[in-house]
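Everything below concerns the one structure shown next.
Every number here is computed from the coordinates shown, using simple stated rules; none is lab data. The structure displayed is predicted, hence computed values, not measured ones. Note that each Cβ is placed from the backbone with ideal geometry, even for glycine, and that neighbours are counted across all protein chains shown.
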Amino acid sequence: MKELIGLSFEELQALFVACGEKPFRAKQVWHWLYHRGETDFDRMTTLAKDFREKLKSNYTVSRPQVIKALTSQDKTRKWLVSFEDGGRVEMVYIPEEDRGAVCLSSQVGCAQGCKFCHTGTQKCLRNLTATEIVGQFMLARDDYHEWPTPSDTNRMLSNIVFMGMGEPLANFDNVAKAIGILTNGDGIGISKRRITVSTCGLAPKIPKLAELGVKLAVSLHAPNDEIRDQIMPINKVYPLKKLIDACKTYQKNLPHRQFITMEYTLLQGINDTPQCAEELMRLVEGLEVKFNLIPFNPWAGCPYKPSSKNAMHRFAKILEDHWFAAPIRASRGQDIMAACGQLKSAVAQAEKK
């Protein structure tokens, strides 16, 4: 039984043609899968009955299995999901007043080992497939009853961020394929400008994101190589010069003007001084960037502490006085361990059982 979710439109069309169906069948089925979110072939009533029987006999339409779902006091929602081989990831929905972002995972675990990130303490077991990546978003749509696909004007699950478990650029091909499915206008139809891919710094892959037309966020977290080497092992492979050069190439190759978001977690006494802020501005010269200053979310066993509110606001003011956008992100979902850098706890607990 072949899974249909995660096939590109071209693959779906070739599949049906190979089994003797007309090419237009692919568009019909695509509409049911990605516009209406249907998982039952019997309910795909615009399809001929014999074709529905063929679909039932040869194909499946599935979702990741929900092991546990939690909702925070601030309405952030987190799912622990399992795939066919037992691999587990967490995914998060962060609602705003009239919209919201679904934070998708791209790997089972993470190999990057950033010292302040709870997810980074978990081994990377494998890449997720396009089926598993797209399935996460469709599961969230199921949960929030957003089928058929709503228009952009009333869509609550309006944005997608690849900031969950794993390094998206280490799984570039599957992430790119998933983005192609998620942005297809005949189905889910998320705008490319509403999709952000975050990387800790796999410099060679960054320029390729310009081909996809999606937004880039860089987990920077340090103004110089000395500090970044201490907290982010990837920096020893791709130091800041290579990372910044890759960002410049990405920005140059975009068909439209677009800022890069520089994610910066503030750690007490490590990277939160005025000198760090001054050095950070020099580092990004030649780029159009905005900063996203992130309060550190503590977890058991981590040696780092959050910066004080005074230090965070002082850091932000230095950047803002030089015309950089530098909001301090309000931590969401801390009470269910769904905040930035906290995705691991439920996965680890499930694996122990």
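Things to note:
- Taking the average, over residues, of other Cβ atoms within 10 Å as the packing measure, peptides 14-26, 240-252 rank 240-252, 14-26 from highest down.
- Distant-in-sequence amide contacts of Ile294, defined by a placed amide H-H separation under 5 Å and a gap of 5 or more residues or a different chain, comprise Tyr264, Thr265, Leu266, Arg329.
- Order of Lys192, Lys309, Lys215, Lys115 - criterion: other Cβ atoms within 10 Å of each residue's Cβ, fewest first: Lys309, Lys192, Lys115, Lys215
- The order of the peptides 68-79, 90-101, 47-58 by mean Cβ neighbours within 10 Å, most packed first, is 90-101, 68-79, 47-58.
- Gain on full extension, evaluated as 0.36 nm per residue between Asp74 and Asp50 minus their Cα-Cα distance, stands at 3.8 nm.
- Only Lys, Arg (+1) and Asp, Glu (-1) charged, at Cβ; region 86-352 dipole about Cα centre in debye: 400 debye
- At R0 = 22 Å, FRET efficiency that the Cβ-Cβ distance of Ile67 and Lys290 yields, to 0.05: 0.05
- Given their separation in residues at 0.36 nm each and the Cα-Cα distance between them, Cys302 and Arg126 gain 60.9 nm when the chain is fully extended.
- Taking amide H atoms as placed 1.01 Å from N in the peptide plane, the amide H of Asp272 lies under 5 Å from those of Leu267, each 5 or more residues away in sequence or on another chain.
- With 0.36 nm allotted per residue and the present C-alpha distance subtracted, the Met281-Phe24 stretch has 87.2 nm of extension available.
- Point-to-point label distance, Thr249-Arg314, nm (Cα→Cβ direction, 7 Å offset): 3.9 nm
- Normalised by 2.2 N^0.38 Å, with N the number of residues, the alpha-carbon radius of gyration of the chain equals 1.03.
- For region 177-287: span of alpha carbons on each principal axis (Å, largest first): 50, 25, 25
- Approximating the spin labels as points 7 Å out from Cα along Cα→Cβ, the Asp142-to-Asn154 distance works out to 2.4 nm.
- Eligible aspartates and glutamates near Lys317 by straight Cα distance, threshold 14 Å, same-chain separation 8 or greater: Asp272, Glu278
- Phi-based couplings in Hz for region 159-175 (Karplus 6.51, -1.76, 1.60; Gly and Pro marked x): 10, 10, 10, 8, 10, x, 6, x, 9, x, 6, 7, 10, 4, 4, 5, 5
- Convex hull volume of the C-alpha atoms in region 2-60, normalised per residue: 75 Å³.
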